[in-house]
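The values are calculated or read from the model by the stated rules, or taken from the named source; none is laboratory data. Just so it is clear, the model here is predicted, and its values are computed rather than measured. Don't worry about glycine lacking a Cβ; one is built from the backbone with ideal geometry, like all the others, and counts go over all protein chains shown. Areas reflect the complete protein model, heavy atoms only, side chains present, ligands, DNA and RNA absent. Shrake-Rupley method; radii C 1.70, N 1.55, O 1.52, S 1.80 Å.
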Amino acid sequence: MNRRTKTVAVAVAVLLTLGAGGIAAAAGGDTGHGDGGVREAAALTGTAKLYRPAGDDITFSFDAHLAAKDNKDPQAATGTFRFSHYKDGKGGYAVAKVDCLTTGGKVAVVTGVVTETDVDAFRNKRVGISVHDDGKRDRLGYSWVGRDTNLEVPPCLSSAPFEQVQAGTGDFHVLPWKLEYPTE
């Protein structure tokens, strides 16, 4: 095969591969993150600001994934999530390493241990967040709500998604978990 023929063959192979991925995506077959066409078991991605009429800047971002091979072990989830709360130049942020992810329909619960923060109360604590991916009306909840909240929670646990996302900021995407149950 000459050089030009090899180049054309590679280009055709790339186009066919991209085309197959596009067909799968168009058919509703979410293939996950470049894992050879195998759908992830679950995922939570996106960023949004919470609605606060007083002007607080509260932002949550997620990049959490459960690989297909780990479908029966939500504590094998990977990724990070970040949250911050600022008002009048004061506040703080935290970044957590995901240690559990469960999803059902358009709802996700993710927990993680805070690995980076400028708020001492969160340092090295496991926190949980819930998300309801409802298009233009996304909602969110977090485990540290309440006056006497213990910041450390068990894996895969959070409160209901009680907070409203600020209009125009929510782009959460929840990939529903599909558990396989034994037939016998």
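Listed by first and then second residue, the pairs with beta-carbon distance under 6 Å, at least 6 apart or on different chains, first residue in region 69-80 and closer than 14 Å to CYS156 by Cα, second modelled with pLDDT of 95 or more and part of a helix (DSSP H, G or I), are ALA76/ASP70.
Just the residues that are assigned to a loop (DSSP other than H, G, I, E, B), open to solvent by 40 Å² or more (accessible area, probe 1.4 Å) and over 30 Å from GLU180 (Cα atoms), please, taken from region 55-81. Hit for region 55-81 is GLY55, nothing else.
Can you pull out the residues in region 100-125 that are farther than 27 Å from ALA167 by Cα, in contact with a Ser or Thr (Cβ under 6 Å, 6 or more places away or on another chain) and at pLDDT 95 or above? Scanning region 100-125 gives a single hit, CYS100. Within region 41-54, residues that are on the phi < 0 side of the Ramachandran plot and surrounded by fewer than 23 Cβ atoms within 10 Å (Cβ to Cβ) reach partners that are hydroxyl-bearing (Ser, Thr, Tyr) and part of a strand (DSSP E or B) with beta carbons closer than 6 Å, at six or more positions or on different chains, in the pairs THR47/SER61; LYS49/THR59. Within region 81-114, the set of residues being more than 16 Å from the chain's Cα centre (by Cα) and free of Cβ contacts under 8 Å to residues at least 24 places away in the same chain comprises ASP88, GLY89, LYS90.
Within region 90-142, can you find the residues that are of a type in the set (S, T, N, Q) and either part of a strand (DSSP E or B) or touching a Cys at 6+ places or on another chain (Cβ under 9 Å) (or both)?
THR102, THR103, THR111, THR115, THR117, SER130
ALA94 meets each of the listed conditions (1) surrounded by fewer than 18 Cβ atoms within 10 Å (Cβ to Cβ); (2) touching a helix residue (DSSP H, G or I) at 6+ places or on another chain (Cβ under 6 Å) apart from (1). The set of residues in region 119-148 that are open to solvent by 20 Å² or more (accessible area, probe 1.4 Å), charged (D, E, K, R) and within 15 Å of THR59 (Cα to Cα) contains only ARG139.
Selection of region 105-118 for residues being under 16 Å from PHE172 (Cα atoms), surrounded by fewer than 20 Cβ atoms within 10 Å (Cβ to Cβ) and touching a strand residue (DSSP E or B) at 6+ places or on another chain (Cβ under 6 Å) yields LYS106, VAL107. Remark: SER159 falls outside the filter, which requires a residue to be under 20 Å from ALA76 (Cα atoms), of a type outside the set (A, V, I, L, M) and open to solvent by less than 40 Å² (accessible area, probe 1.4 Å).
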